[in-house]
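Nothing in this text is a laboratory measurement; each read-out follows from the coordinates by a stated rule. In this text, all values refer to a predicted model and were calculated from it rather than measured experimentally. Neighbour counts are summed over all protein chains in view; Cβ atoms, including those assigned to glycine, are modelled from backbone coordinates with ideal geometry.
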Amino acid sequence: MRTTSTAPATPTGDVQRRRPTIRDVAAEAGVSRGTVSRYLNGGKWVSPEARDAVQRAIHQTGYRANQHARSLVTGRANAIAFLLAEPQDRLFADPTYAPLLRGAAEALAARQMTLTLLVAGTPDERENVVAYLAAGHVDGAMLISSHENEPLLDELLAGGVPIVSCGLPLGRTDRVASVSVDEAGGAREMVAHLRSRGRRRIATITGPLDLPGGRYRFEAYREELGADYDPALVAHGDFGTESGVAAMAELLERAPDLDAVFAASDAMAAGAITVLRRAGRRIPEEVAVGGFDDSGLAVNLDPPLTTMRQPFDRISAEMVSLLLEVVAGSATKSVTMPATLVVREST
C-alpha cells in the first residue's frame, strides 16, 4: 500500500519564505536601496519623507539587519552609548533623563541598533567609561549633562570617541556636535509671561552655572529683566528638588516681597512650591511659579506648573541622527530646538 506524506504548508510570498532584505524594504518604501542603506547608517542625505517611508517599510516587512555581518563589513559595533556624567542616583531622581533615554532607545530601535547605558559620576566610573568607549565597544556616545570643567569630555575627545552633546558643550562648541533646546529664548519667554501677569519682583532659582541650562537660562532671565534685575532675587540650585527647597527658603528670607519665581527646572519648582506652601503663600495669588522642562512632573504638581516644554523625543532622535553622521565623518554642527510655553494654574 502506497502512503503519501503531506509537507507542511509554506507561507506564500518571497518575503515570507526568506529573511527580508534591504531590497524588500526599498520596494515597500518606494525608494532606492541606497536610500535604505543611508538611513540604516545614520540617515545622512535622507529626506524626512523618505525616512518615514523606510521606517514603515522596516516594520511592515519585518526586516532585521544581520548585525554580525554588518559589523564585519563596516567595522562598527552598531551600538551607541547613552552617557550620563552625573552620580548614579540622579539618573532616577531627575525627571528629564527618562524621556531622553526612552527617545534614544526608540530612535536606535528603528535603526536596529543597540543602546548602552553608561554612568560616569565618579573618577573611577569616568576612567572605566573612557576605556570602554575608546576600545570601540560602541560607535559613539550621547553625552548627557557635561559640566564645563569636567575632564570626561576632553578625555573622550583625546580617545577619538565620536560624541554628540545634549546641550551646548561649554568651552568646546567648535569641537563637539550638540543638540540643544533654546535655553535663552525659553527663559526670556517665561520671564515675559510672568511680567504679563503683573509680577514685578521676579526671583529665579538657577541651575548649575557650569551647565548650559543653568548658565543660559540665568543670563536670559537677567537680560529680560534689564533695569529691574536685582541680585537679591537670585538663588542657586543643582536642578534637583532639594536644592529648590533650600533656594526658595533663602529667597523668602532675603526678599519676602517677591511675587514670582522662575525655577530653571520643574524639579526645583516643585521644591519651591513646597516651601511657599509651608510659608502660607498662596500660589499664584501671592507668588506665581514657573519652571522649565515639562518632563511629566509639572502637570502633577499642586497647582499644576506653568513651564517651558522641551521636546525630549525630538532632541533624542536628533542626537541619534547627528551622532551617526559624526561617526560617518560629517563636520561638527549644532542643532537648536524651540521651547514652548505651557501655561497652567501656577501662574
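Answer with one residue from Pro284, Thr204, Pro304: the one whose Cα lies farthest towards the positive end of the charge dipole of the chain, charges on Cβ with Lys, Arg +1 and Asp, Glu -1.
Pro304
Want the number for Glu242 to Gln60: 0.36 nm per residue separation, take away the alpha-carbon distance, what's left?
So the chain would gain 60.8 nm between Glu242 and Gln60.
Cβ under 11 Å from Leu209's Cβ, Leu209 left aside: what net charge do those residues give with Lys, Arg +1 and Asp, Glu -1?
Once positives and negatives cancel, what remains is -2.
Could you work out the relative contact order of the chain? I mean the mean sequence separation of Cα pairs under 8 Å and 6+ apart, divided by the number of residues, in percent.
Details: 652 pairs, mean separation 59.0, N = 347.
The normalised contact order for the chain reaches 17 percent.
Note the listed values (i) 15.8; (ii) 16.8; (iii) 23.9, then indicate which one is mean projected area of the Cα convex hull in nm² calculated from this particular structure.
(iii)
May I ask you to derive the relative contact order of the range 294-347, considering only C-alpha pairs under 8 Å and at least 6 residues apart, and to give it as an integer percent?
Once normalised by length, the contact order is 54 percent.
When the helix-only estimate is applied to the chain (DSSP H runs of n ≥ 4, each -39,500 (n - 2.57), divided by the residue count), what is the mean residue ellipticity at 222 nm, nearest 500 deg cm²/dmol? Present the calculation step by step, with values, prior to reporting the outcome.
Values: 14 runs with 152 residues, N = 347.
The helix contribution divided over the chain gives -13000 deg cm²/dmol.
Could you work out the relative contact order of the range 107-223, using alpha carbon pairs under 8 angstrom and six or more residues apart, expressed as a whole percent?
Numbers: 123 pairs, mean separation 22.9, N = 117.
Normalised by residue count, the contact order of the range 107-223 is 20 percent.
What order, most packed first, do the peptides 209-215, 338-344, 50-56 have when packing is the mean number of other Cβ atoms within 10 Å of each residue?
Taking the mean over residues of other Cβ atoms within 10 Å, the ranking is 209-215, 50-56, 338-344.
Give me the net charge of Pro311's neighbourhood, meaning all other residues with Cβ under 10 Å from the Cβ of Pro311; Lys, Arg count +1, Asp, Glu -1.
-1
Of Ala98, Gly136, Leu108, which is farthest along the charge dipole of the chain in the positive direction, counting Lys and Arg as +1 and Asp and Glu as -1 at C-beta?
My answer, from the dipole projection, is Leu108.
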